[in-house]
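The values are calculated or read from the model by the stated rules, or taken from the named source; none is laboratory data. None of the values given here were measured: they were computed from a predicted structure. Reconstructed Cβ throughout: ideal geometry from the backbone, glycine too, with neighbour counts over all protein chains shown. The protein model used for the area step is the full one, side chains on, heavy atoms only, and it has no ligands, DNA or RNA in it. Shrake-Rupley method; radii C 1.70, N 1.55, O 1.52, S 1.80 Å.
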Amino acid sequence: MKKTLLAMTLVLGSLGTVHWATADEGEREHGLLSLLGYGQDVDPVANATYKEECGSCHFAYQPGLLPERSWQGIMTGLKDHFGDNAELEQPVRDQISQYLVANAADHSATGRSPGIAKALTTEGAPLRITETAYFRRKHHEVPERMVKENPQVKSFSQCQTCHTKAESGSFDEHQVEIPGFGGRHH
Amino acid sequence: MKRRLILISLTALSGAPVLAAGTGFNAPEGKVLWGRTGQEGRLCADCHGSELKAPGKHVKTGKRIEAMAPSVNPGRLADLKKVEKWFKRNCEWTWGRECTAQEKGHLLAWLSQQ
(Lines give C-alpha, C1' and ligand atoms only; values in the text may rest on other atoms or scores of the structure.)
Protein backbone atom coordinates (compact mmCIF):
# COMPACT_ATOMS: atom_id res chain seq x y z
CA MET A 1 0.00 0.00 0.00
CA LYS A 2 2.74 2.36 0.97
CA LYS A 3 4.50 1.60 -2.28
CA THR A 4 1.36 2.24 -4.30
CA LEU A 5 0.93 5.62 -2.65
CA LEU A 6 4.53 6.51 -3.38
CA ALA A 7 4.16 5.48 -7.00
CA MET A 8 0.99 7.58 -7.35
CA THR A 9 2.70 10.58 -5.86
CA LEU A 10 5.56 10.22 -8.28
CA VAL A 11 3.23 9.98 -11.26
CA LEU A 12 1.20 12.99 -10.13
CA GLY A 13 4.38 14.89 -9.47
CA SER A 14 5.69 14.32 -12.98
CA LEU A 15 2.34 15.14 -14.55
CA GLY A 16 2.37 18.42 -12.71
CA THR A 17 5.83 19.23 -14.01
CA VAL A 18 4.95 18.44 -17.58
CA HIS A 19 1.81 20.52 -17.35
CA TRP A 20 3.76 23.49 -16.03
CA ALA A 21 6.47 23.16 -18.62
CA THR A 22 4.07 23.30 -21.53
CA ALA A 23 1.25 25.39 -20.13
CA ASP A 24 1.53 28.26 -22.64
CA GLU A 25 1.85 26.17 -25.78
CA GLY A 26 -1.44 25.70 -27.53
CA GLU A 27 -0.26 23.91 -30.63
CA ARG A 28 0.58 20.45 -29.42
CA GLU A 29 -0.90 17.70 -27.36
CA HIS A 30 0.72 17.67 -23.99
CA GLY A 31 0.49 16.36 -20.48
CA LEU A 32 0.10 12.61 -20.38
CA LEU A 33 0.98 12.32 -24.06
CA SER A 34 4.40 13.85 -23.40
CA LEU A 35 4.95 11.48 -20.53
CA LEU A 36 4.25 8.55 -22.80
CA GLY A 37 6.74 9.83 -25.33
CA TYR A 38 4.23 11.20 -27.85
CA GLY A 39 4.98 14.84 -27.21
CA GLN A 40 8.10 14.99 -29.35
CA ASP A 41 8.57 18.24 -31.30
CA VAL A 42 10.15 16.37 -34.24
CA ASP A 43 11.24 12.76 -34.61
CA PRO A 44 14.87 12.33 -33.54
CA VAL A 45 17.43 11.40 -36.21
CA ALA A 46 17.20 7.67 -36.85
CA ASN A 47 19.66 7.17 -39.68
CA ALA A 48 23.29 6.43 -38.85
CA THR A 49 24.59 7.42 -42.29
CA TYR A 50 22.91 10.82 -42.12
CA LYS A 51 24.20 11.39 -38.60
CA GLU A 52 27.73 10.49 -39.63
CA GLU A 53 27.93 12.23 -43.00
CA CYS A 54 26.06 15.42 -42.17
CA GLY A 55 26.32 15.55 -38.39
CA SER A 56 30.13 15.57 -38.41
CA CYS A 57 30.18 19.17 -39.54
CA HIS A 58 26.96 20.61 -38.15
CA PHE A 59 23.98 19.84 -35.97
CA ALA A 60 22.17 16.90 -37.56
CA TYR A 61 18.91 18.73 -38.23
CA GLN A 62 15.96 16.39 -37.94
CA PRO A 63 14.26 15.72 -41.30
CA GLY A 64 10.94 16.86 -39.82
CA LEU A 65 12.23 20.44 -39.66
CA LEU A 66 11.95 20.99 -43.43
CA PRO A 67 9.55 19.86 -46.17
CA GLU A 68 10.49 17.39 -48.89
CA ARG A 69 11.18 20.01 -51.55
CA SER A 70 13.65 21.80 -49.30
CA TRP A 71 15.58 18.60 -48.59
CA GLN A 72 15.63 17.81 -52.30
CA GLY A 73 17.00 21.26 -53.02
CA ILE A 74 19.71 20.81 -50.42
CA MET A 75 20.67 17.32 -51.56
CA THR A 76 20.97 18.27 -55.23
CA GLY A 77 23.12 21.29 -54.42
CA LEU A 78 25.75 19.77 -52.15
CA LYS A 79 28.56 21.08 -54.34
CA ASP A 80 27.79 24.53 -52.97
CA HIS A 81 26.39 23.77 -49.54
CA PHE A 82 25.99 27.26 -48.05
CA GLY A 83 29.42 28.12 -49.42
CA ASP A 84 31.15 24.80 -48.72
CA ASN A 85 31.60 21.70 -50.82
CA ALA A 86 29.75 18.86 -49.12
CA GLU A 87 29.52 16.42 -52.02
CA LEU A 88 28.82 12.77 -51.24
CA GLU A 89 29.36 9.58 -53.22
CA GLN A 90 26.16 8.73 -55.09
CA PRO A 91 24.97 5.67 -53.13
CA VAL A 92 25.46 7.53 -49.86
CA ARG A 93 23.75 10.64 -51.17
CA ASP A 94 20.76 8.64 -52.41
CA GLN A 95 20.43 6.82 -49.12
CA ILE A 96 20.46 10.08 -47.16
CA SER A 97 18.04 11.78 -49.58
CA GLN A 98 15.56 8.94 -49.24
CA TYR A 99 15.71 9.13 -45.46
CA LEU A 100 15.27 12.91 -45.38
CA VAL A 101 12.39 12.92 -47.87
CA ALA A 102 10.53 10.02 -46.24
CA ASN A 103 10.64 11.80 -42.87
CA ALA A 104 10.28 15.39 -44.07
CA ALA A 105 7.94 17.82 -42.31
CA ASP A 106 5.20 17.26 -44.89
CA HIS A 107 5.38 13.49 -44.37
CA SER A 108 5.48 13.50 -40.59
CA ALA A 109 2.66 13.72 -38.08
CA THR A 110 4.99 14.35 -35.18
CA GLY A 111 4.81 17.46 -33.01
CA ARG A 112 5.69 20.62 -34.89
CA SER A 113 6.36 19.03 -38.30
CA PRO A 114 2.82 19.48 -39.69
CA GLY A 115 2.87 23.11 -38.54
CA ILE A 116 6.20 23.72 -40.24
CA ALA A 117 4.90 22.19 -43.47
CA LYS A 118 1.61 24.09 -43.31
CA ALA A 119 3.30 27.44 -42.82
CA LEU A 120 5.26 26.87 -46.01
CA THR A 121 2.47 26.11 -48.45
CA THR A 122 2.45 29.61 -49.86
CA GLU A 123 6.23 30.00 -49.85
CA GLY A 124 8.89 28.47 -52.02
CA ALA A 125 11.24 25.90 -50.57
CA PRO A 126 13.69 27.67 -48.27
CA LEU A 127 16.99 25.81 -47.95
CA ARG A 128 17.62 27.24 -44.52
CA ILE A 129 15.49 26.21 -41.55
CA THR A 130 16.05 29.71 -40.20
CA GLU A 131 14.23 31.13 -43.23
CA THR A 132 11.04 29.15 -42.78
CA ALA A 133 7.99 31.13 -41.68
CA TYR A 134 7.58 28.83 -38.71
CA PHE A 135 11.12 29.38 -37.48
CA ARG A 136 10.91 33.15 -37.89
CA ARG A 137 7.63 33.29 -36.01
CA LYS A 138 9.07 31.29 -33.12
CA HIS A 139 12.30 33.31 -32.85
CA HIS A 140 11.30 36.85 -33.77
CA GLU A 141 11.36 37.97 -30.15
CA VAL A 142 14.94 36.74 -29.56
CA PRO A 143 17.18 39.83 -29.72
CA GLU A 144 20.35 39.82 -31.88
CA ARG A 145 22.56 40.49 -28.88
CA MET A 146 21.66 37.04 -27.56
CA VAL A 147 22.47 35.21 -30.79
CA LYS A 148 24.34 36.90 -33.64
CA GLU A 149 26.19 39.31 -31.39
CA ASN A 150 26.73 36.67 -28.72
CA PRO A 151 30.22 35.17 -29.21
CA GLN A 152 29.09 31.98 -27.53
CA VAL A 153 26.23 31.47 -29.99
CA LYS A 154 27.02 33.43 -33.19
CA SER A 155 24.23 31.98 -35.32
CA PHE A 156 20.67 30.68 -35.18
CA SER A 157 21.82 27.63 -37.13
CA GLN A 158 23.36 25.86 -34.15
CA CYS A 159 20.14 24.71 -32.50
CA GLN A 160 21.83 22.69 -29.77
CA THR A 161 23.74 25.70 -28.41
CA CYS A 162 20.57 27.02 -26.78
CA HIS A 163 18.05 24.19 -27.13
CA THR A 164 19.56 21.84 -24.59
CA LYS A 165 17.51 18.83 -25.75
CA ALA A 166 17.65 19.56 -29.48
CA GLU A 167 19.40 16.34 -30.34
CA SER A 168 16.54 14.28 -28.93
CA GLY A 169 14.07 16.23 -31.08
CA SER A 170 12.81 18.42 -28.27
CA PHE A 171 12.71 22.17 -28.86
CA ASP A 172 10.52 23.23 -25.97
CA GLU A 173 11.22 26.85 -25.03
CA HIS A 174 11.48 25.94 -21.37
CA GLN A 175 14.56 23.88 -22.14
CA VAL A 176 16.30 26.86 -23.72
CA GLU A 177 19.46 28.11 -22.08
CA ILE A 178 21.20 30.89 -23.97
CA PRO A 179 24.94 30.89 -23.14
CA GLY A 180 25.71 34.05 -21.19
CA PHE A 181 22.01 34.74 -20.60
CA GLY A 182 20.61 31.61 -18.98
CA GLY A 183 17.03 30.34 -19.23
CA ARG A 184 14.13 32.30 -20.70
CA HIS A 185 12.99 33.73 -17.38
CA HIS A 186 16.35 35.32 -16.56
CA MET B 1 49.57 -1.97 -37.17
CA LYS B 2 46.29 -0.89 -38.69
CA ARG B 3 47.67 2.58 -39.35
CA ARG B 4 50.71 1.18 -41.04
CA LEU B 5 48.39 -0.81 -43.25
CA ILE B 6 46.52 2.34 -44.20
CA LEU B 7 49.76 3.97 -45.27
CA ILE B 8 50.54 1.02 -47.49
CA SER B 9 47.02 0.95 -48.92
CA LEU B 10 47.15 4.63 -49.79
CA THR B 11 50.37 4.12 -51.67
CA ALA B 12 48.86 1.17 -53.49
CA LEU B 13 45.70 3.10 -54.36
CA SER B 14 47.64 5.99 -55.82
CA GLY B 15 49.35 3.70 -58.30
CA ALA B 16 52.77 4.66 -56.95
CA PRO B 17 55.17 1.84 -56.28
CA VAL B 18 54.25 0.02 -53.11
CA LEU B 19 56.98 0.87 -50.67
CA ALA B 20 57.87 -0.85 -47.45
CA ALA B 21 55.77 0.61 -44.65
CA GLY B 22 57.05 4.00 -43.58
CA THR B 23 59.52 4.48 -46.40
CA GLY B 24 59.09 7.53 -48.58
CA PHE B 25 56.85 9.35 -46.14
CA ASN B 26 58.13 11.36 -43.28
CA ALA B 27 56.55 13.00 -40.32
CA PRO B 28 58.40 16.36 -40.39
CA GLU B 29 57.23 16.83 -43.96
CA GLY B 30 53.69 16.04 -42.80
CA LYS B 31 53.93 18.65 -40.07
CA VAL B 32 54.91 21.29 -42.60
CA LEU B 33 51.97 20.35 -44.84
CA TRP B 34 49.60 20.50 -41.87
CA GLY B 35 50.63 24.10 -41.25
CA ARG B 36 50.62 25.18 -44.89
CA THR B 37 48.22 28.01 -45.69
CA GLY B 38 45.64 27.19 -48.34
CA GLN B 39 43.03 29.16 -50.27
CA GLU B 40 41.67 32.28 -48.59
CA GLY B 41 44.20 31.80 -45.80
CA ARG B 42 42.64 28.54 -44.65
CA LEU B 43 44.53 26.18 -42.36
CA CYS B 44 43.93 22.64 -41.09
CA ALA B 45 44.00 24.17 -37.62
CA ASP B 46 41.00 26.40 -38.45
CA CYS B 47 38.80 23.43 -37.59
CA HIS B 48 41.11 20.92 -35.92
CA GLY B 49 42.67 23.42 -33.52
CA SER B 50 46.35 24.01 -32.84
CA GLU B 51 46.56 21.24 -30.24
CA LEU B 52 46.07 17.86 -31.91
CA LYS B 53 45.41 16.08 -28.64
CA ALA B 54 42.48 18.39 -27.90
CA PRO B 55 39.14 18.54 -29.72
CA GLY B 56 38.73 21.10 -32.46
CA LYS B 57 35.77 23.21 -33.51
CA HIS B 58 34.33 23.59 -37.00
CA VAL B 59 35.23 27.12 -38.00
CA LYS B 60 31.83 27.84 -39.49
CA THR B 61 29.30 25.84 -37.52
CA GLY B 62 31.11 25.56 -34.20
CA LYS B 63 30.51 21.80 -34.12
CA ARG B 64 32.96 19.89 -31.93
CA ILE B 65 35.53 17.83 -33.84
CA GLU B 66 37.16 15.05 -31.88
CA ALA B 67 40.93 15.16 -31.37
CA MET B 68 43.14 14.19 -34.33
CA ALA B 69 45.79 12.44 -32.20
CA PRO B 70 45.30 8.65 -32.16
CA SER B 71 46.97 8.58 -28.74
CA VAL B 72 43.92 10.25 -27.21
CA ASN B 73 41.35 9.26 -29.84
CA PRO B 74 42.02 5.61 -30.78
CA GLY B 75 39.34 5.58 -33.51
CA ARG B 76 41.25 8.25 -35.45
CA LEU B 77 42.97 7.04 -38.68
CA ALA B 78 41.69 3.53 -38.03
CA ASP B 79 39.29 3.33 -40.98
CA LEU B 80 40.74 3.68 -44.47
CA LYS B 81 37.45 4.66 -46.11
CA LYS B 82 36.91 7.44 -43.58
CA VAL B 83 40.48 8.66 -43.93
CA GLU B 84 40.10 8.90 -47.72
CA LYS B 85 36.70 10.58 -47.46
CA TRP B 86 37.92 13.29 -45.14
CA PHE B 87 41.12 13.85 -47.08
CA LYS B 88 38.99 14.46 -50.17
CA ARG B 89 36.59 16.88 -48.50
CA ASN B 90 39.08 18.72 -46.36
CA CYS B 91 41.90 19.02 -48.88
CA GLU B 92 39.41 20.60 -51.27
CA TRP B 93 38.14 22.99 -48.64
CA THR B 94 41.54 23.98 -47.33
CA TRP B 95 43.76 23.92 -50.40
CA GLY B 96 41.15 24.09 -53.15
CA ARG B 97 42.20 20.74 -54.63
CA GLU B 98 42.61 17.11 -53.68
CA CYS B 99 45.80 16.16 -51.85
CA THR B 100 48.30 14.00 -53.71
CA ALA B 101 49.11 10.50 -52.45
CA GLN B 102 52.53 11.81 -51.43
CA GLU B 103 50.98 14.60 -49.34
CA LYS B 104 48.53 12.22 -47.71
CA GLY B 105 51.35 9.82 -46.86
CA HIS B 106 53.40 12.57 -45.20
CA LEU B 107 50.40 13.87 -43.29
CA LEU B 108 49.51 10.40 -42.06
CA ALA B 109 53.09 9.69 -41.07
CA TRP B 110 52.99 12.76 -38.85
CA LEU B 111 49.47 12.47 -37.52
CA SER B 112 49.86 8.78 -36.62
CA GLN B 113 52.71 9.72 -34.27
CA GLN B 114 50.56 12.13 -32.28
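Below, the figures for the structure above:
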item: Region A:42-127 - charge dipole about Cα centre, Lys and Arg +1 at Cβ, Asp and Glu -1, debye rounded to 20; result: 280
item: Average other protein chain Cβ within 10 Å of Cβ, residues A:56-63; result: 3
item: ³J(HN,Hα) computed for each position of region B:59-69 - Karplus, 6.51 cos²θ - 1.76 cosθ + 1.60, integer Hz, glycine/proline x; result: 5, 9, 9, x, 5, 5, 10, 4, 4, 7, 6
item: Interface size B-A, as summed buried accessible area [1.4 Å probe, Å², nearest 100]; result: 1200
item: FRET efficiency estimate (nearest 0.05) - Cβ-Cβ, residue B:45 to residue A:81, R0 25 angstrom; result: 0.70
item: Out-of-range pairs (alpha-carbon distance over 32 Å; input A:79/B:81; A:138/B:88; B:60/B:82); result: A:138/B:88
item: C-alpha center-to-center spacing [region A:85-152, region B:95-114] in angstrom; result: 36
item: In Hz, Karplus ³J(HN,Hα) per residue of region A:146-163 (6.51, -1.76, 1.60; θ = phi - 60°; x = Gly, Pro); result: 8, 10, 4, 8, 8, x, 8, 10, 6, 8, 6, 6, 9, 3, 5, 5, 10, 7
item: Cα lying deepest toward the dipole's positive end in region A:141-186, options A:150, A:169, A:181, charges on Cβ; result: A:150
item: Estimated vicinal HN-Hα couplings, Hz - region B:43-50 in sequence order (Karplus 6.51, -1.76, 1.60; Gly, Pro = x); result: 10, 4, 5, 3, 9, 7, x, 7
item: For residues of B:55-62, the mean tally of beta carbons on other chains within 10 Å; result: 4
item: Other-chain or far-sequence residues with amide H under 5 Å of residue B:65's (modelled H); result: B:56, B:57, B:58
item: Cα-based reach from residue A:154 at 12 Å (exclusive), listing aspartates and glutamates while leaving out same-chain residues under 8 positions away; result: A:144
item: Global geometry of region A:141-186, whether rounded, prolate or oblate, following the gyration tensor of its Cα atoms and the 1.5 cut on a/c; result: oblate
item: Extension gain, residue A:109 back to residue A:173 (0.36 nm per residue minus Cα-Cα distance, nm); result: 21.0 nm
